[in-house]
1. Output the residue which, of all residues in region 125-168 that are without any contact (Cβ under 8 Å) to a residue 40 or more places away in the chain, assigned to a helix (DSSP H, G or I) and within 13 Å of the ligand (Cβ to nearest atom), is surrounded by the most Cβ atoms within 10 Å (Cβ to Cβ).
2. How many residues are buried (at least 17 other Cβ atoms within 10 Å of the Cβ) and within 15 Å of the ligand (Cβ to nearest atom) if we restrict to region 65-83?
3. Is there a residue being within 21 Å of residue 184 (Cβ to Cβ), in the same structural domain as residue 165 (by TED's automatic domain parsing) and outside any strand (DSSP E or B) anywhere in region 82-97?
4. Filter region 90-107 down to the residues that are buried (at least 16 other Cβ atoms within 10 Å of the Cβ) and not hydrophobic (A, V, I, L, M, F, W, C) and list them by number.
5. Does region 26-41 include one or more residues that are surrounded by 11 or more Cβ atoms within 10 Å (Cβ to Cβ), outside the structural domain of residue 116 (by TED's automatic domain parsing), polar (S, T, N, Q) and touching a helix residue (DSSP H, G or I) at 6+ places or on another chain (Cβ under 6 Å)?
6. Determine whether region 84-105 contains at least one residue that is at pLDDT below 95 and either within 16 Å of the ligand (Cβ to nearest atom) or of a type outside the set (Gly, Ala, Ser) (or both).
Amino acid sequence: MITEEQAKKNITELLEFIGDDPQRVGLQDTPERMIRMFREMFRGYNPDEKPVITTFPNGQDGIIYDNMVVDSGTFYSVCEHHCRSFFGEYWFAYLPNPKGRILGLSKIGRVVDYCSARLQVQERLVQNVVEMLTEALGTENPPFGMALMMKGRHLCKESRGARKTGTMTSTCLTGAFRRSPEVRQEFLSYVEVK
Ligand SMILES: [Zn+2]
């Protein structure tokens, strides 16, 4: 296990490697600041930070809900190939089982944030989120399917290398979203009207 002191020293060396002077005033506290920032940006490695995903029995509110539930929001992650940010918007949907459980809506965003807070590739990120939410709803009367689409801008593509602006789209579809073109189309219509 690397100590904070060693990590700071490594960052100082990197600052020197890029051609700057780590001792100049503006950079003196930079390694320290970067360590603090890393703790926040990479909290997804810390199991203590794992969000508790509240679920409710379907019907608890007096109605059984079995139509599509859709949530959308933003995400910020870091690409594992270049340690550069990628970020953008997500759209999540699931079809609750009338006999199963439903997700607390704010929890979806928290799971997206937690899974984003590691070195990632966008293809794995969509899977990590869907796996965590699937697990939270349990195997007894599971939902009829889940869908997650992420559209992200990748700074490793935009600010260096190819130097092209644009978004990358990745999706993870399970159950009815994978099998049924109608269900998939309904999900995509929510993405399009956004
Ligand atoms: Zn990259």
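The values are calculated or read from the model by the stated rules, or taken from the named source; none is laboratory data. Predicted, not measured: the structure shown is a model, and the values here were computed from it. Note: ideal-geometry Cβ built from the backbone for every residue, glycine included; neighbour counts use all protein chains shown.
1. Among them, the one singled out is 157.
2. Residues meeting the conditions: 3.
3. First pass over region 82-97, keeping only residues within 21 Å of residue 184 (Cβ to Cβ): 88-97.
This time we only want the ones that are in the same structural domain as residue 165 (by TED's automatic domain parsing), so: 88-97.
Narrowing further to those that are outside any strand (DSSP E or B): 96-97.
Within region 82-97, one or more residues are within 21 Å of residue 184 (Cβ to Cβ), in the same structural domain as residue 165 (by TED's automatic domain parsing) and outside any strand (DSSP E or B).
4. Residues satisfying the conditions are 90, 94, 96, 97, 100, 101, 107.
5. Scanning region 26-41, I find no residue that is surrounded by 11 or more Cβ atoms within 10 Å (Cβ to Cβ), outside the structural domain of residue 116 (by TED's automatic domain parsing), polar (S, T, N, Q) and touching a helix residue (DSSP H, G or I) at 6+ places or on another chain (Cβ under 6 Å), so the answer is no.
6. Scanning region 84-105, I find at least one residue that is at pLDDT below 95 and either within 16 Å of the ligand (Cβ to nearest atom) or of a type outside the set (Gly, Ala, Ser) (or both), so the answer is yes.
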